[in-house]
Amino acid sequence: MIMLHAKLINPASIAVIGGSDNTDSIGGSVLKNLIDQQFKGKLYVVNPKKDEVQKVISFRDASLLPKTDLAIIAIPAIDIEAVVTLLLEDKETKAFIIYAAGFAELNDSGSQLQDKITKRITEAGGSLLGPNNIGMINQNYAGVFTKPIPKIDKKGVDFISGSGATAVFTLEVAEQIGLKFSSLFTVGNSAQVGVEEVLEYLDTSFVPGESSLVKMLYIEGIKNSEKLLTHCLSLRQKGCSIIALKSGITDKGKAAASSHTGAMVNSDLFVSALFKKAGIIRCQSRHELVTCAALLQISNKRPKKFAIVTHAGGPAVILTDTLSRNGLIIPDLNENHQQNLKKLLYPGAIAKNPIDILATGNAEQLGDVLDYCENELTEIEGTIVIFGSPGLGSVNDAFQMIHQKIRESHKPIYAILPSTVNVHEEIQHFIQKGNLAFSDEYLFGTCLSIITNARPQINKSSPENIIDVDRIRALIKNFTNGFINPEQVYELLTAANIKMAKQVLVHSESDLLNAARSLEYPVVQKVVGPLHKSDTKGVITSVLNITELMYNFRKLIKQKGVKAVMIQQMISGKEVFIGSKRESGFSPLILCGAGGIYIEALHDISNSLAPVGINEAKEMVDQLTIKPILEGIRGEEPCNLEAFYETIKKISNLLMVTPEIAELDINPLIISEKDIVAVDARIKIKK
C-alpha cells in the first residue's frame, strides 16, 4: 500500500536539484517560490556552476549535499535516475517531486525509465510525486515552479489535479473570485502517487474542526476506482464535499458493441456511476469547478429557498430563471412583507422577490433589506446579492455593507459583483477582506443548482450472497471465452437464483418432435445465433400446436447464422431489462430499464456500479420513466417491483463472484403482478 511519506508533507529540509538564479527557469522559479512563501526548514540547491543561488547555499554536485528529506528535481529526465539513486542511498531522502517530462507520456523507453525510478523509490519506502507535474503546495511549503501561488488557509480547498497546466489555469480562475486553498497536489504521470493516493492521505490525516471540508479534483485517468470510492465515502461521512472535473470521456468503442448493454454503455457512464456512488459532485469546466468549490466554502448546508436582492433587474431575472429551471425556489413575498420592504426603499422599488432596490438605492438601504431577509423572511434559507456599477460613483459603501452582513448573518449571503472592469479594484479589495465574489449570474445559478440537486449518498446495504457460489465457479471454469450457449446461460442464471422461462433447444425436426410431448401451449419460438432476433424476424409468438411448431421451425432454421431454435413457454407481462458491462479499473456497471425491441431507441435506463443492494436497486428503478407504468395505470395491476429489485441485487451478486463475465444482457425480463422471469439472455466470458 502506497502512502504519502511524512517528509513529502512536512519536510525539515529541501534540496532543489537544478536550482538557478534565473527565475524564469523551472529550477529558479521553484526556488523563488520556496523563499517567497517562507519555507521554515533548511533549503539547499544543487547547481554545477554556483556556490550560492538566490542567496541559498549551493552544491556543485548532489553527492556533496547533507542529508535531505525532500528533493525537488528540476533537471532533464535522462539525468534523474542517477541523482535519485544517490539521494536514496547516501542522503536518506524519502520524498521526491520530479517535474521533467519525457517519461511514460513520451514513449516506451521513457516508460521504462519511469518504472525504474519509481521502483527504486518505492522499494526504499519513499514517495514520488510526478514526473511531468508542477509539484505541490501546502501550509508547509510551496513546491511548485508556477504562478499564481494561491492564498493558503487550512480551511481552504484541497485541490488534486492530474494536470499541471489545468491546475495553473484553475488557480487563475480561483484567484479572480477569492477562493482559498489548503493544499494543491499535481500528480502528473501518477507513476506512484495518483489522485487516489492523495485522497487516501487527505482521508487518513483528516482532523475534525481543522481539516478542509471541500475537496476539488481534476481527473484525467482513474487507476483504482475502489480506492477512490472508499476514501470519498469516508471523507463524506466526515462532513466533506467532493467536486470533480473528469476529462477524456469521449466514446470510441460503441460501434463495436455486441449486446444491447454494450451498445448503450461508454466509458463516461462508468465514471458517472462511480461519481454517483461516491457522492462526488460532477462539473464540466474549470469555472464550474471553482464556482462550486466557492459555494461550498460559503455554506455546506445546500439551501434551496433564496431571496435575491439587486439594484439591476436584468441579472436578477436571469438568475431567477436559472435557479427556477433547476428546481430551486425564489418564493414570492406576501403583501405584508412587500409593504414592510417598500418602507425601507425609495418609491418605485420592487419587493416581490427578486427585491429590486433600484439603481439609486444606497448602502444603508441594502443593509436594511439584508437584515430583513435574515430576520423576518423565515422561509428564506439564503440571500443572493447582485451589485454592480455603471461606472458612475463609488460602490465602496455597498461592498463594505455586504462584507459586514456576510459576517453578521446566520443565513449564507452570496455576492455577485458583475462589474469586473468598472470597479475591478473595489472587487479585489472586497476579496482581500476574505470574501468570495462571483461575477456571472448564470454560472453562479447553474453551480448552485448542481450542488443543491446533487443526490445524497445511498445507504449501502451489504448484499447477502443468495447464490450458489460453488456451482457458479464450477460452471465458469468450464466456459470458454466469448458468448456462451443458451443452455449454459440457463444453468448460470439459475445458479444465481434468477428465474428463467422454461426452454428447450432444438436442432432438428426429430428434436422438435421429442420436445413437443412436454410443451404447454402457447409457446414462443426464437432463433439462436443472431444478436437481434427481431431484426431478422427470428421470433414467433403465440404458437399453439405441433403443426405450427414444425412449420415455424422449418422457416426459422434456414435463416442465415441460425444454429438452433429455442422453444420457451410464453409469459405475459411488461418488458424490462437488466444488463452489465465491465471496464478495466472499475467494478461492473449494472443497468436496468425498459426492455424489448425498443430498448436502445427509448434509452430509458439507470445504472450503478456493483455491489448493489436493495436500497440502491430501488433507487435505480425509481429513476426510470417506465416506473409509473410498472406501478399500474388505468386499472392495471401493479407489477412486482420487489422482484425487480431482488433480481438486480442477484445480478450484482453474480458479477461480484465472476470477474470473467465481461457483458451480460437479460432482455426482456417479463415482469407481472406476481413474478419476474428472464426470457432471453446473453453472457460474454472473457478470462
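The values are calculated or read from the model by the stated rules, or taken from the named source; none is laboratory data. Worth saying up front: this structure is predicted, and the values here are computed from it rather than measured. In this analysis, Cβ positions are derived from the backbone assuming ideal geometry, glycine residues included, and neighbour counts consider all displayed protein chains.
Pull up the stretch 507-522, narrow it to residues that are under 52 Å from the mean Cα position of the chain (by Cα) and of a type outside the set (A, V, I, L, M), then point me to the one that is surrounded by the fewest Cβ atoms within 10 Å (Cβ to Cβ).
Within the stretch 507-522, the match that is surrounded by the fewest Cβ atoms within 10 Å (Cβ to Cβ) is Glu520.
Under 7 Å by Cβ, and 6 or more places apart or on different chains, what pairs join a residue from the stretch 269-283 that is farther than 16 Å from Lys227 by Cβ with one that is of a type in the set (A, V, I, L, M) and assigned to a loop (DSSP other than H, G, I, E, B)?
Pairs that qualify, where the first residue is farther than 16 Å from Lys227 by Cβ and the partner is of a type in the set (A, V, I, L, M) and assigned to a loop (DSSP other than H, G, I, E, B), are Ile281/Ala454.
How many residues are under 18 Å from Val677 (Cβ atoms) and in contact (Cβ under 8 Å) with a residue 40 or more places away in the chain when one looks only at the stretch 580-596?
So the answer is 3.
Any idea which residue in the stretch 118-175 is farthest from Ser439 (Cα to Cα), counting only those that are assigned to a strand (DSSP E or B) and of a type in the set (S, T, N, Q)?
Ser127
Could you pull out the residue among Ser109, Ser161 that is surrounded by 17 or more Cβ atoms within 10 Å (Cβ to Cβ) and either polar (S, T, N, Q) or in contact with a Cys (Cβ under 8 Å, 6 or more places away or on another chain) (or both)?
Within the list Ser109, Ser161, the selection yields Ser161.
All but one of (1) touching a residue at least 12 places away in the same chain (Cβ under 8 Å); (2) touching a strand residue (DSSP E or B) at 6+ places or on another chain (Cβ under 9 Å); (3) over 19 Å from Ile676 (Cβ atoms); (4) not aromatic (Phe, Trp, Tyr) hold for Glu548; which doesn't?
(1)
Return the residues of the stretch 66-102 that are in contact with an Asp or Glu (Cβ under 9 Å, 6 or more places away or on another chain), buried (at least 23 other Cβ atoms within 10 Å of the Cβ) and part of a loop (DSSP other than H, G, I, E, B); say none if nothing qualifies.
Result: Thr68, Thr93.
Which residue out of Ile629, Ile614, Ile685 is of a type in the set (Val, Ile, Thr) and modelled with pLDDT of 95 or more?
Every option except Ile685 fails the conditions.
Considering only the stretch 195-222, state which residues are exposed (fewer than 14 other Cβ atoms within 10 Å of the Cβ) and either of a type in the set (D, E, K, R) or under 19 Å from the mean Cα position of the chain (by Cα) (or both).
Glu210 - this is the single residue of the stretch 195-222 that is exposed (fewer than 14 other Cβ atoms within 10 Å of the Cβ) and either of a type in the set (D, E, K, R) or under 19 Å from the mean Cα position of the chain (by Cα) (or both).
Looking at Arg471, is it surrounded by 14 or more Cβ atoms within 10 Å (Cβ to Cβ), basic (Lys, Arg), more than 22 Å from Lys558 (Cβ to Cβ) and outside the structural domain of Glu646 (by TED's automatic domain parsing)?
When the stated conditions are applied, Arg471 passes them.
Go through (1) closer than 21 Å to Asp268 by Cβ; (2) outside any helix (DSSP H, G or I) one by one and return the number of the condition Val562 breaks.
Every condition holds for Val562 apart from (1).
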